[in-house]
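Engineer: Right, I'll just put the structure down here and ask away after.
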Amino acid sequence: MRLCRPSVIRPLRSVTPRLHLQPVPRMSSTLQFAEGEDTQQLSRDAEALLKQGWALDGEGMGITKTFHFKTYFKAVSFVNFIAAESASKKHHPTMTVRIGSVDVHWTTHRPQGFTSKDVALARHCEQGAGLMAVDPSQGLNCAKGK
Ligand SMILES: C[C@H](O)[C@H](O)[C@H]1CNC2=NC(N)=NC(=O)C2=N1
């Protein structure tokens, strides 16, 4: 085999990283309820979920939580558990799967805002996390430690 040597050895081009400035997502302190919801009941439900480690999303349109798992397989099993209920209830989350965690975000698109469907499915996540043995070393409030 003939080995070719480059006749000119060029230094690696140094690249100045471009700074992409993005708005820092701020956590909203107030939840926006969708039209037609029982706001008093929903406030109580949301309060209980916040105590379980859920946090309001940046716009206050929904809630979010990161669930931690010991293995990728458990994380994916959790996603499937949520997906099955989502399909049956016709209400779908945004989920990001990582090796040891799943970020879940619940909001309602129409009518826009937070609804009792989000509450019901967030509770379903809690149930699934119990079955899937969420990594207890990650603590209760998983939303902050990604
Ligand atoms: C027709 C269908 O049921 C609707 O488009 C559903 C689908 N899944 C949904 N999921 C979520 N999160 N919010 C909705 O408003 C919603 N609407």
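Quick note: the coordinates plus some simple rules give every number you see, no bench work behind them. No experiment lies behind these values; they were computed from the predicted model shown. Counting neighbours? That spans all protein chains shown, and the Cβs are built from the backbone with ideal geometry, glycine included.
Engineer: Just want the ordering: H68, H92, from fewest to most Cβ atoms lying within 10 Å of their own Cβ. Please report the intermediate quantities before stating the final value.
Structural biologist: On the way: H68 20, H92 14.
With the sparsest Cβ surroundings first, the list reads H92, H68.
Engineer: When only alpha-carbon atoms are used, what values of Rg and Dmax, in angstrom, describe region 33-100?
Structural biologist: 14.0, 41
Engineer: Using 0.36 nm per residue of separation minus the Cα-Cα distance, give me the extension gain between R44 and E59 in nm, one decimal. If you can, show how the numbers build up before the last one.
Structural biologist: Values: separation 15, 0.36 × 15 = 5.40 nm, distance 1.93 nm.
My answer for the length gained is 3.5 nm.
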